[in-house]
Amino acid sequence: MFVNGRKIMLKCGLLLLCGALFFACRSKKEDVAGPVAMTGLPCRIMCGEQPSDSLPVLPDVLQNQLYRYLKHVTGTGIRLKAPLPESWRIESGIESPSPDYDIWIVSGGDDAQYKMLLTVTVPEKEVERELVSALLVAYSCAEEQRYRIESEEWYAEMTEEYSVTVFKKYESLHSLGDTTAETHANSENTVRDEYRLQLAEGRFVYQEPVYTEQYRAVIQFMDTSESAFSIDSQWVADAMVMQEALEPENVLFMEIFDRFQQVMVTNYEGELMDEVDLSDFLKTYRRGYIILEKGKKPRYLRYCPASEALEKIFGLWGLEYNPADEDVISCDA
């Protein structure tokens, strides 16, 4: 009996230990916003469903400050395809480097696709908390467009040095009804951004990614939001000619139809080489070619058959272009 009693006690102890580990990053159910369960570092912040009835709601005062903060803050890279949730719930807390600040992980109301890191002041007596800084670190959505669905998903990791790495995954899925699916295959890109917590003021400071590798690239672009333009067989044929001619010369080729503010230049192995903003070109042009070279200002070439465009692009870089088809169609034809 004594041996059986020890076994039962051992099993109970193991169950209690597993339960403690399972609830380690979960906040206690309270009617007020704090205190929040503290978690150790490193902390992994993922999109996922959370039981809303177990999470304290962010106070109205902090929620109002959060909306005002997001409207005025710059450099955070917040470009959402869906509105922010009406309410946020405090999911857990992170060990703070300062006794004057608390760092919270909050989820977007009943839709836990959104997660943010908030730095808030530790109140004294009856003084209410104040928002110091906010950072959107997890986000997931999908937007349906003609013949395709584009999705965006973020997740984040935090290290012991209070550095937050945010991975942003973009994916485009084409339907069977897309006649251009052969050259516009399903695509997936991941961007990595670094954020650091400035310990002196408890603020999240955005660190721009640094790309140093040299590259050359040609972008065939069209703003498909303009009804005057649409993808046709000529466009597809030009893209194929461009790809075949540029790849042997180690020149990257891309096609873009949206997200001109955040064009991710990747090499043929899928590695991120650069991130550029080409939205200024849309003020004057709606389609054409953009010639990129690391460290130089982008150049525009009006849209024309690929054979003529390649002749000008190769001449710009001192390369020799020998098309298989000697018939060159003029842009003015």
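One residue stands out among those in the stretch 260-284 that are free of Cβ contacts under 8 Å to residues at least 40 places away in the same chain and surrounded by 15 or more Cβ atoms within 10 Å (Cβ to Cβ): the one that is nearest to ARG192 (Cα to Cα), which is VAL276.
Applying a threshold of 6 Å to beta carbon distances and a minimum spacing of six or more residues, or different chains, the list of pairs starting in the stretch 135-157 at a residue that is in contact (Cβ under 8 Å) with a residue 60 or more places away in the chain and ending at one that is part of a strand (DSSP E or B) and basic (Lys, Arg) reads VAL137/LYS115; ALA138/LYS115; GLU153/LYS169; TRP154/LYS168; GLU157/ARG44.
The combined condition, being on the phi < 0 side of the Ramachandran plot, assigned to a strand (DSSP E or B) and at pLDDT below 80, is not fulfilled by TYR195.
Yes or no, residue by residue, for (1) under 23 Å from the mean Cα position of the chain (by Cα); (2) over 19 Å from THR190 (Cβ atoms); (3) among the small types (Gly, Ala, Ser); (4) at pLDDT 85 or above:
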residue: LEU80; (1), (2), (3), (4): yes, no, no, no
residue: TRP88; (1), (2), (3), (4): yes, yes, no, yes
residue: ASP102; (1), (2), (3), (4): no, yes, no, yes
residue: GLY109; (1), (2), (3), (4): yes, yes, yes, no
residue: CYS141; (1), (2), (3), (4): yes, no, no, no
residue: GLN145; (1), (2), (3), (4): yes, yes, no, no
residue: ARG148; (1), (2), (3), (4): yes, no, no, no
residue: THR165; (1), (2), (3), (4): yes, no, no, yes
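Annotation note: of ARG216, ARG302, the sole residue that is modelled with pLDDT of 90 or more, surrounded by fewer than 14 Cβ atoms within 10 Å (Cβ to Cβ), of a type in the set (Lys, Arg) and at negative phi is ARG302. Looking at this structure, is PRO123 assigned by TED's automatic domain parsing to the domain that holds ASN64, at pLDDT below 90 and over 17 Å from LEU197 (Cβ atoms)? So PRO123 fits the description; yes.
Results for (1) outside any strand (DSSP E or B); (2) at pLDDT 85 or above; (3) in contact with a helix residue (DSSP H, G or I) (Cβ under 6 Å, 6 or more places away or on another chain), shown as yes or no for each residue.
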residue: ASP238; (1), (2), (3): yes, yes, yes
residue: ALA245; (1), (2), (3): yes, yes, yes
residue: PHE253; (1), (2), (3): no, yes, yes
residue: GLN261; (1), (2), (3): yes, no, yes
residue: GLU269; (1), (2), (3): yes, no, no
residue: GLU275; (1), (2), (3): no, no, no
residue: PHE281; (1), (2), (3): yes, no, no
residue: LYS297; (1), (2), (3): yes, yes, no
residue: GLU308; (1), (2), (3): yes, yes, no
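The values are calculated or read from the model by the stated rules, or taken from the named source; none is laboratory data. A quick note: this is a predicted structure, and the numbers were derived from the prediction, not measured. Glycine also receives a Cβ, built like all others from the backbone with ideal geometry; neighbour counts cover every protein chain displayed.
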